[in-house]
Each structure stands twice: as C-alpha cells, then as structure tokens.
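For reference, the structure discussed in these notes is given below.
Read-outs throughout are calculated quantities, based only on the coordinates presented, and are distinct from any laboratory measurement. Because the structure is a prediction, the values reported are computed rather than measured. As a convention, Cβ positions derive from the backbone with ideal geometry for all residues, glycine included, and neighbour counts pool all protein chains shown.
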Amino acid sequence: MTGPEPGSGPTQPDPAAPARLEASVRGRVQGVGFRYFVLREAMYLGLTGLVANERDGGVRVLAEGPRVDLLELLDRLREGPPASIVERVVERWEPARGAGSTFRIESGEHRGD
C-alpha cells in the first residue's frame, strides 16, 4: 500500500475534477445587478447551476464544473459588480451531482434586481 510521501501534507483535490460549490453572498447584493453579474461570469467559465436572491437580502449561488473554474467564480463573487458591497461569502464544497446543462437565474425570494 502506498500513500503520500511522509511530510507531504494532505492530498489536494484535483483542480480539473468536477465539483459543486454552494455559496451564500452577504452584503449589498440585491438591487445592484448581482445575479446578472454571476450569470455572466459563470457562463464565461462554462459552469452549470443557478443564482437566486434570498429572502434575507443575500444571494445564493449553486455552481458545478471543474474545481479550478469554481475557485475563479468564488474570487469573482467576493469582488462582485461595481455597485455591490460584498461583506462575506460563505462557501460549501461537495462532489458534483449534476446541476443541469446551463447556468440560470432563478427568481427566488427577493426585493428586486
């Protein structure tokens, strides 16, 4: 039985392997075009999933694709579009489950775009 070299630390996930990112974005993220920003960025990266406003004023993102592209999306979520103020992003990682064939906006619970 072979494993990682002693002292090499934990095994890192394969950056090209499919994964699922669930992110909750908090701050001034409704009414500033945040969902359209996420849609554009996710489509550019070739991801599948959805973005929706939440009742509490946040935005929920569920995305699947290569982990390296999801990490890029996560960086962009932390920046947001110019009119937004992102206070924090809570992320959760899981194995990919098949989020569909496109990335879409869902209306969800919201106060406006």
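Quick rundown of the values:
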item	result
Extended-chain gain in nm, criterion 0.36 nm per residue less alpha-carbon gap, Arg88 and Glu54	10.8 nm
Global geometry of the range 11-113, whether rounded, prolate or oblate, following the gyration tensor of its Cα atoms and the 1.5 cut on a/c	prolate
Distant-in-sequence amide H partners of Ala96 (H built 1.01 Å from N, under 5 Å)	Ala19, Arg20
Modelled FRET efficiency - R0 30 Å, Tyr36 with Asp14, Cβ distances, 0.05 increments	0.45
Sites Ile105 and Val68, calculated FRET efficiency, Cβ-Cβ separation with R0 22 Å, nearest 0.05	0.40
Ranked Ile105, Ile85, criterion: other C-beta atoms within 10 Å, fewest first	Ile85, Ile105
Whole-Hz ³J(HN,Hα) from phi, Karplus 6.51 cos²θ - 1.76 cosθ + 1.60, for the range 29-35, glycine and proline x	10, 10, x, 10, x, 5, 5
